[in-house]
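The values are calculated or read from the model by the stated rules, or taken from the named source; none is laboratory data. As the structure is a prediction and not an experimental result, all values here were calculated from the model. We place every Cβ from the backbone using ideal geometry, glycine too, and count neighbours over all the protein chains shown.
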């Protein structure tokens, strides 16, 4: 009798029967016609891999040797829904549409993986909560995955029932009219996008174009050809960081829209999707230099909305539906009803405490369709932030479904050099795929076990817990911070910043607060633009120190705790037994993440004068880590951006002498 079956995502309704099914040596995979050939061949490959069965695919009806029947059934009411039944010595998968049939096949694959030829008797009725269940991969800061890496990730996520992918672009599409911008970036070419679009469609994944169109344009504005379009051509200051290069277009310059229109003309024909994400987030300089007078006249919100409406015209004339990030417009709720009815607001936030409930209610009340966009919490870390990722993804799912969100987009960013190894995002992708499919059945998963089965394919049952626990090291006192992990900051900051920040903190910290609590209070004030009862000059200096260098306030005991924990967590890594073809690379990635954590903790002790290693020893160690970082990078990603990313370790490296 077959044992219990695990699933990822867990189907919403599984009914077991007393009858088990032994799959025969000779049988057929039957489809009504050629329209389900890919689904049939996917099932055929799984039968061979997990059960050793070679069943031919045939089309038609009434075959006596039918072992697996795939068909579209119009009576299934939910789009992408399916029914899977094992009974009478055969398997039956009916889908509301071809995507539903594919998802039934994906569920069957997980059963075959665990049971081989002897399947439990079940009837599964399943369908998704969110119509769009997506993944967005940052390919602009600074990591551009190879075509093979991208396809492999999409294929794995499609089997977890993800049905949308966005590649976040700033300068990493090979625009034929703008070659200087991407010359050093190893970009995606038009031909690659066309091929990837076809690859996605086959797996019922929508490849949505994504090109930021206002802020985050620094890779363009640094060139003389485009600098005249900048809001602040000579750069600008933030409260938390001075001397920033120009990042945002001037919303009033007709040349800005002319440039953006030319990008859309080149980019959009490569995608079959009717949606298009224009970005529009974080235009830091908006209304501060060239559009300052207009901002004073009509306000920042109206200035932003007017530009957004220009983008909307550019998108709609090209017969696409515009998506945009919500972070600016939500500051001006009175303007939200003025948005066109057919835009899609992308409601984003990456902390477990993000106010998705409030943000979703704003768009629902204005009749504007929206996605919820949580994240993997992997960026600005070496190993992720497990509990924050789960909390963030869970909150987005709960509140998105509560308020009628039409989509769920798992974002994976690469802020400040994309220092995380590719595999550090798998936990967030897996949990996000689950809660966006069927929330009630997937909120409280045994995630380590499911990661072992369906992500890392570790027959030793080690990898899932290892990944989970390594990602929770950010919770060591003094190491957690907003949007990242302080041990990464320790390895990026110059030596002088440690003493400087501690001196400032001594003037700010409440004796009843931990460094993390003080940091959180400071960040809340910073985003409100106020300093409370803190001396304004001290407040500004502390903002700049944290904004430039991150959080550098852990004590010696917390560094020693990190050293002990990372050793304990990674001890069983070599005993894993992963079936994946990239198993050795996965081990190398997690070994490197652990070694970066170790080195950061040792550097922290060194800066406190309590370390056991000299500067010379630490320098040799870090040089070795950077060499391995480069090797791992090139195993999955293109060379463009690697030098820029590795340069983030220069402060530490040069500080060792």
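Of these, 380, 399, which one is closer than 21 Å to residue 163 by Cα and either touching a strand residue (DSSP E or B) at 6+ places or on another chain (Cβ under 6 Å) or part of a helix (DSSP H, G or I) (or both)?
Result of the check over 380, 399: 399.
Is it true that some residue in region 468-482 is closer than 27 Å to residue 409 by Cβ and out of contact with any helix residue (DSSP H, G or I) (no Cβ under 8 Å at 6 or more places or on another chain)?
no
Which numbered condition in (1) out of contact with any helix residue (DSSP H, G or I) (no Cβ under 6 Å at 6 or more places or on another chain); (2) outside the structural domain of residue 421 (by TED's automatic domain parsing); (3) in contact (Cβ under 8 Å) with a residue 12 or more places away in the chain is the only one that residue 140 fails?
(2)
Is it true that residue 68 is under 37 Å from the mean Cα position of the chain (by Cα), assigned by TED's automatic domain parsing to the domain that holds residue 110 and either under 25 Å from residue 158 (Cα atoms) or surrounded by 14 or more Cβ atoms within 10 Å (Cβ to Cβ) (or both)?
Spelling it out, residue 68 is indeed under 37 Å from the mean Cα position of the chain (by Cα), assigned by TED's automatic domain parsing to the domain that holds residue 110 and either under 25 Å from residue 158 (Cα atoms) or surrounded by 14 or more Cβ atoms within 10 Å (Cβ to Cβ) (or both).
Among the residues of region 230-246, which ones are out of contact with any strand residue (DSSP E or B) (no Cβ under 8 Å at 6 or more places or on another chain) and either closer than 18 Å to residue 278 by Cα or at pLDDT below 95 (or both)?
Passing the criteria: 239, 240, 241, 242, 243.
Kindly establish whether residue 540 is surrounded by fewer than 19 Cβ atoms within 10 Å (Cβ to Cβ) and in contact with a helix residue (DSSP H, G or I) (Cβ under 8 Å, 6 or more places away or on another chain).
no
Per-residue answers, yes or no, for (1) touching a helix residue (DSSP H, G or I) at 6+ places or on another chain (Cβ under 9 Å); (2) assigned by TED's automatic domain parsing to the domain that holds residue 39; (3) over 21 Å from residue 641 (Cβ atoms); (4) surrounded by fewer than 21 Cβ atoms within 10 Å (Cβ to Cβ):
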position: 226; (1), (2), (3), (4): yes, no, no, no
position: 229; (1), (2), (3), (4): yes, no, yes, no
position: 246; (1), (2), (3), (4): yes, no, no, no
position: 258; (1), (2), (3), (4): no, no, yes, yes
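For region 35-55, enumerate the residues that are over 15 Å from residue 109 (Cα atoms) and in contact with a strand residue (DSSP E or B) (Cβ under 6 Å, 6 or more places away or on another chain).
36, the sole residue that qualifies.
One line per residue, one yes/no per condition, for (1) more than 23 Å from residue 418 (Cβ to Cβ); (2) at pLDDT 80 or above; (3) under 26 Å from the mean Cα position of the chain (by Cα):
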| residue | (1), (2), (3) |
| --- | --- |
| 458 | yes, yes, yes |
| 472 | no, yes, yes |
| 489 | no, yes, yes |
| 543 | yes, no, no |
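Looking only at residues in region 17-32 that are at pLDDT 95 or above and surrounded by fewer than 13 Cβ atoms within 10 Å (Cβ to Cβ), which one is nearest to the chain's Cα centre (by Cα)?
Among residues in region 17-32 that are at pLDDT 95 or above and surrounded by fewer than 13 Cβ atoms within 10 Å (Cβ to Cβ), the one nearest to the chain's Cα centre (by Cα) is 22.
Give just the number: which of (1) buried (at least 24 other Cβ atoms within 10 Å of the Cβ); (2) in contact (Cβ under 8 Å) with a residue 40 or more places away in the chain; (3) closer than 30 Å to residue 626 by Cβ does residue 451 not satisfy?
Looking at each condition in turn, residue 451 falls short on (2).
Considering only region 403-410, I want to know if a residue exists there that is in contact (Cβ under 8 Å) with a residue 40 or more places away in the chain, touching a helix residue (DSSP H, G or I) at 6+ places or on another chain (Cβ under 6 Å), outside the structural domain of residue 631 (by TED's automatic domain parsing) and assigned to a helix (DSSP H, G or I).
no
On the given criteria, is residue 9 loosely packed, with under 15 Cβ neighbours inside 10 Å and touching a residue at least 12 places away in the same chain (Cβ under 8 Å)?
Spelling it out, it is not the case that residue 9 is loosely packed, with under 15 Cβ neighbours inside 10 Å and touching a residue at least 12 places away in the same chain (Cβ under 8 Å).
I need the full set of residues from region 91-106 which are touching a strand residue (DSSP E or B) at 6+ places or on another chain (Cβ under 7 Å) and crowded, with 24+ Cβ neighbours inside 10 Å, in order please.
91, 93, 95, 100, 101, 103, 104, 105
Quick grid of which residues meet (1) outside the structural domain of residue 412 (by TED's automatic domain parsing); (2) crowded, with 17+ Cβ neighbours inside 10 Å; (3) under 14 Å from residue 408 (Cα atoms):
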{"residue": "341", "(1), (2), (3)": "no, no, no"}
{"residue": "347", "(1), (2), (3)": "no, yes, yes"}
{"residue": "362", "(1), (2), (3)": "no, yes, no"}
{"residue": "367", "(1), (2), (3)": "no, no, no"}
{"residue": "371", "(1), (2), (3)": "no, yes, yes"}
{"residue": "378", "(1), (2), (3)": "no, yes, no"}
{"residue": "387", "(1), (2), (3)": "no, no, no"}
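Pick from 445, 453: which is under 23 Å from residue 113 (Cα atoms), in a loop (DSSP other than H, G, I, E, B) and modelled with pLDDT of 95 or more?
445
Among the candidates 329, 344, which residue alone is touching a strand residue (DSSP E or B) at 6+ places or on another chain (Cβ under 8 Å) and either over 24 Å from residue 206 (Cβ atoms) or modelled with pLDDT under 95 (or both)?
Checking each option against the conditions leaves just 329.
Which of the residues that make up region 491-514 are over 24 Å from residue 392 (Cβ atoms) and either under 26 Å from the mean Cα position of the chain (by Cα) or outside the structural domain of residue 541 (by TED's automatic domain parsing) (or both)?
Across region 491-514, the qualifying residues are 491, 493.
May I ask you to list the residues in region 225-258 that are assigned to a loop (DSSP other than H, G, I, E, B) and under 23 Å from residue 313 (Cβ atoms)?
228, 229, 231, 248, 250, 251, 252, 253
Only one residue in 285, 294, 351, 313 is assigned by TED's automatic domain parsing to the domain that holds residue 385, under 25 Å from residue 221 (Cα atoms) and assigned to a loop (DSSP other than H, G, I, E, B). Which one?
Only one candidate qualifies: 285.
Would you check if there is a residue in region 182-189 being modelled with pLDDT of 95 or more and in contact with a helix residue (DSSP H, G or I) (Cβ under 7 Å, 6 or more places away or on another chain)?
So far as region 182-189 goes, no, none of its residues is modelled with pLDDT of 95 or more and in contact with a helix residue (DSSP H, G or I) (Cβ under 7 Å, 6 or more places away or on another chain).
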